[in-house]
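For reference, the structure discussed in these notes is given below.
The values are calculated or read from the model by the stated rules, or taken from the named source; none is laboratory data. Keep in mind the model is a prediction, meaning the values are calculated, not measured. Here the Cβ positions follow ideal geometry from the backbone for every residue, glycine too, while neighbour counts run over all protein chains shown.
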Amino acid sequence: MIRPATVYRFDLPTGRSTVVSRPETSVEQQTASAVLMVRPRAFGFNPETAASNHFAQDRLGTDIAQQAVREFNALADALDRAGVAVMILDDCSERPSPDAVFPNNWVSFHADGSVVLYPMCVPSRQRERRFEPLHALLRAHGLAVHQVVDLSGHERAGRYLEGTGSLIFDRPRRQAYAALGPRTSAGVIADFDQRTGYSTCTFEARDPQGRPIYHTNVLMSLGEQFAIVCLAALDGTSRRGVTSSLEATGRTIIDVDFEQMEQFACNIIELRNSYGGRVTAMSTRSLSSLRPDQRSLLRGLTGTLVDVEIGTIEAIAGGSVRCMLADIHLPSL
């Protein structure tokens, strides 16, 4: 029997949670056993997004697009071998996007059958949002969509919220964490919370040069038993509040430094395989950035670690494995 999920409101400075309602919705697991990936057609450096993403680098090369496809295939194959279902959507052939390989920014999937579509910061990424072919793919895999929560209208007012780049979900508790910035608007978060029953903890996060960190998933990831986070990116009050909130969930915190964050140590995702075991996917670069004790701790808190070399995608587009995967929590038809 599926029981209604509890919605909490929690206070950032204290980390104290309060039950406010029990909406009629399915309890979600933290991890999904299937992911959406989008095969790129025109991968490359995107000057529109690079304005707020200092991880991206404009590098010359004749094989960049082809290498990105090879890295995409390597990740898809590695996940398939690990027992995770991979659903692949091809980028639009008429107007391909250089960042199409990162679908987690425009869509998220939820256990009550909701699909949320998000407002994207730049025009070249807004055209990635294609629900009809996505819906057909989901139906072909026997998955149901009961409602679409379309937040894209906020783009007209210059307000953005880029999916699970902006929002880090604690799905069983219907909580989220979000670092405010050019791509993550408090106004859109309020709309998201109201329409989904979530409660989002917002804060500011900056790199050592004082620049806003462009996406929350660069500095935080939540698994069932772990939270890997760069606490140094938060100011003192936010750091205490986020730490308290994470500790209240029973998760073990793996705190990484700025240098590790720059190597995408937090841009990882825990999934489930077809046998019910946990699989944490990450890039070879992010895994290598962890100290031996951190790596050992992570292995003890999850199941299999799957790492893949995606150096071209990381260097040119400024995102890593988490950005390439939209985890699917939808019910069956």
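Within segment 169-189, the set of residues being modelled with pLDDT of 95 or more and either under 21 Å from residue 122 (Cα atoms) or in contact with a His (Cβ under 6 Å, 6 or more places away or on another chain) (or both) comprises 178, 179, 180, 184, 185, 186, 187, 188, 189. One residue stands out among those in segment 244-267 that are part of a helix (DSSP H, G or I) and of a type in the set (S, T, N, Q): the one that is surrounded by the most Cβ atoms within 10 Å (Cβ to Cβ), which is 245. The number of residues in segment 196-214 that are in a loop (DSSP other than H, G, I, E, B), out of contact with any Leu (no Cβ under 8 Å at 6 or more places or on another chain) and without any contact (Cβ under 8 Å) to a residue 60 or more places away in the chain comes to 3.
Out of the residues in segment 145-174 that are surrounded by fewer than 22 Cβ atoms within 10 Å (Cβ to Cβ) and among the polar types (S, T, N, Q), which is nearest to residue 119 (Cα to Cα)? The residue in question is 152.
Table: residues versus (1) closer than 21 Å to residue 85 by Cβ; (2) part of a loop (DSSP other than H, G, I, E, B).
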position	(1), (2)
104	yes, no
112	yes, yes
115	yes, no
134	yes, no
138	yes, no
154	no, no
159	no, yes
177	no, no
193	no, no
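For segment 275-303, a residue qualifies if it is at pLDDT below 95 and outside any loop (DSSP other than H, G, I, E, B), but none of them does.
Taken over segment 315-331, the residue count meeting the criterion of being over 17 Å from residue 164 (Cα atoms) and either part of a helix (DSSP H, G or I) or in contact with a Lys or Arg (Cβ under 8 Å, 6 or more places away or on another chain) (or both) is 2.
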